[in-house]
Amino acid sequence: MSYDPRLNWNRYPPNLGAVPGSRVQYTSIEAFMRDYGRHLDRIGSPRGHYLTLRPDGISPNFESRSLPVTSLKDRLHVYELAGFLPEGWIVEINEVAPYFGRNGGSLQVLVRNERGAGVPVEQLVDIGVIE
């Protein structure tokens, strides 16, 4: 039996979990909502940065998120985009790559500030980007 890095439960995937070439950035929250809607969720603490798109308001299954098995115990938080994005910020979306022995395929969302840094979900709530 050979070592399979996809089964390393302690390390997150390369390319920030994105399928190479799938990352798209929006400078307009209106354009993002037109293309993808406003429904999002997150498994885990609101101190984290990544959200998952909820197509038609339906949360994707756990397998499509490529999260480690330890995330099964974490709470699901549901959000909606409020239609506000600070000047110079972007919304980034990409397809989740297979990892941790899971299939991937859901769409993950990251909001970046004017410096390009990911913004924690709790801060997005505080300033009114999501509710």
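In this structure, does G57 turn out to be closer than 20 Å to P20 by Cβ and touching a His at 6+ places or on another chain (Cβ under 7 Å)? In short, no. List, please: which pairs have Cβ atoms under 8 Å, are six or more places apart or on different chains, and start with a residue in the range 109-131 that is in contact (Cβ under 8 Å) with a residue 60 or more places away in the chain and end with one that is assigned to a loop (DSSP other than H, G, I, E, B) and among the basic types (K, R)? From the range 109-131, the pairs are P120/R47; V121/R47; E122/R47. Could you go through the range 66-83 and let me know if any residue there is closer than 14 Å to Y26 by Cα, without any contact (Cβ under 8 Å) to a residue 60 or more places away in the chain and surrounded by fewer than 20 Cβ atoms within 10 Å (Cβ to Cβ). Yes, the conditions are met somewhere in the range 66-83.
Does at least one position in the range 92-107 carry a residue that is touching a Gly at 6+ places or on another chain (Cβ under 6 Å), polar (S, T, N, Q) and either at pLDDT 95 or above or not in a loop (DSSP other than H, G, I, E, B) (or both)? No, the range 92-107 contains no residue that is touching a Gly at 6+ places or on another chain (Cβ under 6 Å), polar (S, T, N, Q) and either at pLDDT 95 or above or not in a loop (DSSP other than H, G, I, E, B) (or both).
Could you list, in sequence order, all residues of the range 45-55 that are in a loop (DSSP other than H, G, I, E, B) and touching a strand residue (DSSP E or B) at 6+ places or on another chain (Cβ under 8 Å)? P46, G48, H49, Y50, R54 - these are the residues of the range 45-55 that are in a loop (DSSP other than H, G, I, E, B) and touching a strand residue (DSSP E or B) at 6+ places or on another chain (Cβ under 8 Å). Annotation: R102 fulfils all but one of (1) basic (K, R); (2) touching a helix residue (DSSP H, G or I) at 6+ places or on another chain (Cβ under 7 Å); (3) closer than 26 Å to A31 by Cα; the unmet one is (3).
Taking the range 32-44 as the range and being among the basic types (K, R) and in a helix (DSSP H, G or I) as the test, only R34 passes.
Scanning the range 56-81 for residues that are touching a strand residue (DSSP E or B) at 6+ places or on another chain (Cβ under 6 Å), among the small types (G, A, S) and within 21 Å of D35 (Cα to Cα) turns up G57, S59.
When the range 56-81 is filtered for residues that are part of a helix (DSSP H, G or I), farther than 13 Å from Q108 by Cβ and of a type outside the set (S, T, Y), the ones remaining, listed by number, are D56, G57, E63, V69, L72, K73.
Scanning the range 99-121 for residues that are more than 14 Å from the chain's Cα centre (by Cα) and not small (G, A, S) turns up Y99, F100, R102, N103, N113, E114, R115.
Residue count for the range 21-65, restricted to those that are among the β-branched types (V, I, T) and crowded, with 17+ Cβ neighbours inside 10 Å: 3.
The values are calculated or read from the model by the stated rules, or taken from the named source; none is laboratory data. Everything numeric here is computed off the predicted structure, so don't read it as measured data. So basically every Cβ, Gly included, is an ideal-geometry build from the backbone, and we count neighbours across all protein chains shown.
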